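What follows is a short report on a single structure.
The values are calculated or read from the model by the stated rules, or taken from the named source; none is laboratory data. Treat the numbers as computed from the prediction; the structure is a model and nothing was measured. Note: ideal-geometry Cβ built from the backbone for every residue, glycine included; neighbour counts use all protein chains shown. Surface areas here come from the heavy atoms of the whole protein model, side chains and all, with no ligands, DNA or RNA. Shrake-Rupley method; radii C 1.70, N 1.55, O 1.52, S 1.80 Å.
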Amino acid sequence: MKKLTTKQILEIETRMIQQYDLNFQAFRDEVVDHIACEIEEYLEQGVEYTQAKQHVLGKWHFELKPVLGKQGIPTCIVKQLYRKDAVFYLVFFLLFLMSWLLGSLQVLEFTPTPWVSFGCFLLAFLISVVVQKRFFKQKSYEMKFYMHVLGSVMLVNIISLTVAMFHLRKDITQDVLLTPYHLFVVAVHLLILNVFFASQVMQQYRKVKTQSI
């Protein structure tokens, strides 16, 4: 089987860095290896190197195109992680919807104290802050993805924490949009969301540390 030269492989790797900003070496090496193997298959079929390279790189372009800006995360990584966590997202949405409707339809006669909701919001906020500070330097695209999502949820944490603080004031409780029950539902699910993404960040960190040993 025809093999690419070291110079040709280096040329592909350089393009991965310059065009797609693939700075995490483990992922870049894996992609370069896949691309090189596909080009070699075309060479075996008698296709010229330049044409084979152009065809393979064109096929990989949309998979490597960064999401969230030039220095973002390759599309293939984002799709892979969404597929991996699809069950969690589905269960989370259904659980939230069911919990919300149980309160709206007054099936549950449960009036939690605003302090419990406030505590959940505060814990969610602290988890997000601690994890983002502790794992500020990302070690992989998977870790970078979950850190980005955790950072995006931070705005929701801050808004929710502010709303919960208003609920603690008895003089304006009747004027806010959420009932104590619905505030509690939001608080619990936001806490679950923060715990999930924080755990994924730590899991990816341990995975990278294990691979580097």
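Looking across the range 90-112, the residues that are part of a loop (DSSP other than H, G, I, E, B) and either open to solvent by 70 Å² or more (accessible area, probe 1.4 Å) or among the polar types (S, T, N, Q) (or both) come down to L105, Q106, V107, L108, E109, F110, T111. Of all residues assigned to the range 156-172, none qualifies as being crowded, with 20+ Cβ neighbours inside 10 Å and of a type in the set (D, E).
Tell me, yes or no, whether the range 181-190 has at least one residue that is open to solvent by 60 Å² or more (accessible area, probe 1.4 Å) and at pLDDT 90 or above. No; the residues of the range 181-190 include none that is open to solvent by 60 Å² or more (accessible area, probe 1.4 Å) and at pLDDT 90 or above. Scanning the range 41-48 for residues that are open to solvent by 70 Å² or more (accessible area, probe 1.4 Å) and in contact (Cβ under 8 Å) with a residue 24 or more places away in the chain turns up at least one hit. Under the condition of being free of Cβ contacts under 8 Å to residues at least 24 places away in the same chain, under 30 Å from Y42 (Cα atoms) and open to solvent by less than 70 Å² (accessible area, probe 1.4 Å), the residues counted in the range 59-89 number 5.
The combined condition, being out of contact with any strand residue (DSSP E or B) (no Cβ under 9 Å at 6 or more places or on another chain), open to solvent by 50 Å² or more (accessible area, probe 1.4 Å) and modelled with pLDDT of 95 or more, is not fulfilled by L177. Of all residues in the range 113-122, one or more are aliphatic (A, V, I, L, M), surrounded by 14 or more Cβ atoms within 10 Å (Cβ to Cβ), in contact with a Leu (Cβ under 8 Å, 6 or more places away or on another chain) and in a helix (DSSP H, G or I). Considering only residues in the range 2-22 that are touching a residue at least 40 places away in the same chain (Cβ under 8 Å) and open to solvent by 90 Å² or more (accessible area, probe 1.4 Å), the one that is farthest from the chain's Cα centre (by Cα) turns out to be K2.
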